[in-house]
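The values are calculated or read from the model by the stated rules, or taken from the named source; none is laboratory data. Note that this is a predicted model, so its numbers are computed, not measured. Note: ideal-geometry Cβ built from the backbone for every residue, glycine included; neighbour counts use all protein chains shown.
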């Protein structure tokens, strides 16, 4: 169901690794009906599955953004430390 990804505290969030394993084994996202069963679902069910997939992908994008942000902050800190060490070495 749409928005359950964000609003339902009981919604089971899968790790990115779990999704990759599932896709490799089943050739579709875990939130969607596979090709073999696709003929048995209606359009509104399919739309809800696609929306759930988009919402889950949004969560992964947010995680990647935070991951990158942390790395950029660490890189900035290390670059400042390098500059300080260069200045110290140049002064000796």
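Out of curiosity, is residue 74 at pLDDT 95 or above and surrounded by 10 or more Cβ atoms within 10 Å (Cβ to Cβ)? Criteria met by residue 74. Restrict the check to segment 25-43 and report whether at least one residue is under 18 Å from the mean Cα position of the chain (by Cα), touching a residue at least 40 places away in the same chain (Cβ under 8 Å), under 20 Å from residue 12 (Cα atoms) and surrounded by 10 or more Cβ atoms within 10 Å (Cβ to Cβ). Looking through segment 25-43, none of the residues is under 18 Å from the mean Cα position of the chain (by Cα), touching a residue at least 40 places away in the same chain (Cβ under 8 Å), under 20 Å from residue 12 (Cα atoms) and surrounded by 10 or more Cβ atoms within 10 Å (Cβ to Cβ). Among the residues of segment 2-23, those identified as assigned to a loop (DSSP other than H, G, I, E, B) and out of contact with any helix residue (DSSP H, G or I) (no Cβ under 6 Å at 6 or more places or on another chain) are 3, 8, 9, 10, 12, 13, 14, 15. Consider residue 59 carefully, then state whether it is in a helix (DSSP H, G or I), in contact with a helix residue (DSSP H, G or I) (Cβ under 8 Å, 6 or more places away or on another chain) and free of Cβ contacts under 8 Å to residues at least 60 places away in the same chain. Against the criterion (in a helix (DSSP H, G or I), in contact with a helix residue (DSSP H, G or I) (Cβ under 8 Å, 6 or more places away or on another chain) and free of Cβ contacts under 8 Å to residues at least 60 places away in the same chain), residue 59 qualifies.
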